[in-house]
Structures are given as structure tokens and as C-alpha cells.
Amino acid sequence: MPLKLGDTVPDFSAETTEGTISFHDFIGDGWCILFSHPADYTPVCTTELGTVAKLKPEFDKRGVKPIGVSVDPLDSHNGWIRDINETQNTTVNYPIIADENRQVAEAFDMIHPNADNKLTVRSVFVIGQDKTIKLTLTYTASTGRNFDEILRVIDSLQLTATRKLATPANWKSGDDCIISPAVSDEEAEKMYPGFNTVKPYLRYTPDPTK
Ligand code: BEZ
């Protein structure tokens, strides 16, 4: 059964470019983004892994550890990282799992045989502090992911994890939030005084993190 939102992620032990990890220990008490790519030494993947390296300070700010994975071996990852650093003008600063035996690919259903029966697709799993899945994305090999969008979603996930709020379409950090429909007006007035009612079911309040 493919993993679904709210499922606890499988634990596994794997070789990475930063040593052997045990996945649950790696996540620790923070957040994690596990993302697969089809193959080393390929152009779109090269830009993606370089982009994540450049965005690492943004992931750090949010307490999110990035970790990549493909079915290529460790020596291939290590050689390719040198190319990524050179061509993307960065330093890869997070681990990449060498999943030669496909234990991670299979556990996370990252091989979609009708797309390619050997290589992982571009999967993304955002995992929360409780080690459950907060977001999944699947992209085809020919389309590089938008990691700014992934940061945007993480901002929403982290904001709404501890508050009775949701975020509207195209929301970005700092924009007004939506008060959860489960919250009565009375309760909302206590939590978000002066909130704006557009319709009884559509109530806005400023981003409380700003
Ligand atoms: C790429 O990263 O460029 C790529 C990888 C596999 C198939 C197609 C493109």
C-alpha cells in the first residue's frame, strides 16, 4: 500500500554521502524532506540538487532536514556531487541516500513502473516532528521541482500544525490566514480578536507568526 498523508514513515538504515543513517534518528525531533531523483549525472537532477543546497539555510530556518535519494551507488553520488558543486556554483550540504537495493524506493513507492520500471520518479515527502507524512508530491522525470513552493507549503504546514488556522490559495508567509470552520465565532474572537468575516464560513485573520 502506498504511504498516505498521516502515515508514520518507515524506518530504515542506509548508506548516504554523509555516512550511514537510521532514518528515524536522522529526522530526530525536527522536520524532514525526503526527495528522490531518477538518476545521477542527469541535467534536471543536477539543477534540483544544486537548488536544494542553495536553499539549505531556508530549510534550516524552518528546522527541516533535506535528504535526497536515488538508486545509484555511493561512488556515483560522490562523483556527481563534484559536478553539482562546480556547475551549480554551490556545495551540496545534505546527505544523498545510495539506494542500490531499492529498499527506500520500494518502501516509499518511488518507482512507478509505467513511467520507468527501474528508476525512481521525482517524489517528495515532507515529514513532521511526529514522523508522519504531511505532504507528498510526485513529478515526472522531465519536470524539475519548484523548491520555493515546497518551502511555501512547509510554512503553511508549520503554521497550521499548532493553530486552528488554514491558508488560502497561493498563500505565502505573512498573508492573511483562514480561521478553521470548526472554530465558532465566539472562540475565534478570543483567539483572533477583530477577525474579518467575509461569509460565515470564510473568516480571515492576519498571519499570527508575523
Ligand atoms: C534529468 O534529470 O534531466 C532526467 C533524468 C531522467 C530522465 C529524464 C531527465
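The values are calculated or read from the model by the stated rules, or taken from the named source; none is laboratory data. These numbers were taken from a predicted model, which means no experiment stands behind them. Note that we place each Cβ from the backbone using ideal geometry, even for glycine, and neighbour counts take in every protein chain shown. Remember, those area values only see protein heavy atoms, side chains included, never the ligands or the DNA or RNA. Shrake-Rupley method; radii C 1.70, N 1.55, O 1.52, S 1.80 Å.
Filtered by the rule that a residue be under 15 Å from the mean Cα position of the chain (by Cα) and either among the charged types (D, E, K, R) or within 11 Å of the ligand (Cβ to nearest atom) (or both), the range 17-35 gives no residues.
Is at least one residue of the range 1-10 closer than 18 Å to Val124 by Cα and either touching a helix residue (DSSP H, G or I) at 6+ places or on another chain (Cβ under 6 Å) or open to solvent by less than 30 Å² (accessible area, probe 1.4 Å) (or both)? Yes, the range 1-10 contains at least one residue that is closer than 18 Å to Val124 by Cα and either touching a helix residue (DSSP H, G or I) at 6+ places or on another chain (Cβ under 6 Å) or open to solvent by less than 30 Å² (accessible area, probe 1.4 Å) (or both). For Ser76, the requirement of being within 16 Å of the ligand (Cβ to nearest atom), polar (S, T, N, Q) and either in a strand (DSSP E or B) or open to solvent by 60 Å² or more (accessible area, probe 1.4 Å) (or both) is not met. Would you confirm, using the coordinates I've provided, whether Thr46 is over 27 Å from Lys131 (Cβ atoms), out of contact with any Phe, Trp or Tyr (no Cβ under 7 Å at 6 or more places or on another chain) and within 16 Å of the ligand (Cβ to nearest atom)? For Thr46, the condition - over 27 Å from Lys131 (Cβ atoms), out of contact with any Phe, Trp or Tyr (no Cβ under 7 Å at 6 or more places or on another chain) and within 16 Å of the ligand (Cβ to nearest atom) - is met.
So for the range 151-173 (the condition being without any contact (Cβ under 8 Å) to a residue 40 or more places away in the chain, among the aliphatic types (A, V, I, L, M) and more than 21 Å from Asp60 (Cβ to Cβ)), does at least one residue qualify? Looking for residues that are without any contact (Cβ under 8 Å) to a residue 40 or more places away in the chain, among the aliphatic types (A, V, I, L, M) and more than 21 Å from Asp60 (Cβ to Cβ), one finds at least one in the range 151-173, hence yes. Selection of the range 181-210 for residues being under 17 Å from Asp155 (Cα atoms) and of a type outside the set (Val, Ile, Thr) yields Pro206, Asp207, Pro208, Lys210. Of all residues in the range 98-115, exactly one satisfies the criterion of being polar (S, T, N, Q), away from the ligand (no atom under 15 Å from the Cβ) and not in a helix (DSSP H, G or I), namely Asn101. Apart from one condition, Lys118 fits all of (1) out of contact with any strand residue (DSSP E or B) (no Cβ under 7 Å at 6 or more places or on another chain); (2) within 23 Å of Cys32 (Cα to Cα); (3) of a type in the set (D, E, K, R); (4) within 16 Å of the ligand (Cβ to nearest atom); the exception is (2). Could we say that Ala161 is farther than 20 Å from Lys65 by Cβ, open to solvent by 40 Å² or more (accessible area, probe 1.4 Å) and either at pLDDT 95 or above or away from the ligand (no atom under 16 Å from the Cβ) (or both) here? Answer is no for this residue. Considering each residue of the range 84-96 in turn, at least one proves to be crowded, with 22+ Cβ neighbours inside 10 Å, within 13 Å of the ligand (Cβ to nearest atom) and either assigned to a helix (DSSP H, G or I) or not aromatic (Phe, Trp, Tyr) (or both).
For the range 24-50, filtered to residues that are open to solvent by 20 Å² or more (accessible area, probe 1.4 Å) and of a type in the set (Asp, Glu), the residue that is nearest to Val153 (Cα to Cα) is Asp29. Within the range 128-150, is even one residue more than 17 Å from the chain's Cα centre (by Cα), within 16 Å of the ligand (Cβ to nearest atom) and either in a loop (DSSP other than H, G, I, E, B) or crowded, with 19+ Cβ neighbours inside 10 Å (or both)? Among the residues of the range 128-150, at least one is more than 17 Å from the chain's Cα centre (by Cα), within 16 Å of the ligand (Cβ to nearest atom) and either in a loop (DSSP other than H, G, I, E, B) or crowded, with 19+ Cβ neighbours inside 10 Å (or both), which makes the answer yes.
Would you say Glu58 is touching a residue at least 40 places away in the same chain (Cβ under 8 Å), under 22 Å from Lys131 (Cα atoms), in a helix (DSSP H, G or I) and open to solvent by 20 Å² or more (accessible area, probe 1.4 Å)? Reasoning before the result, please.
Details: touching a residue at least 40 places away in the same chain (Cβ under 8 Å): yes; under 22 Å from Lys131 (Cα atoms): yes; in a helix (DSSP H, G or I): yes; open to solvent by 20 Å² or more (accessible area, probe 1.4 Å): yes.
Here the answer is yes, as Glu58 does meet what is asked.
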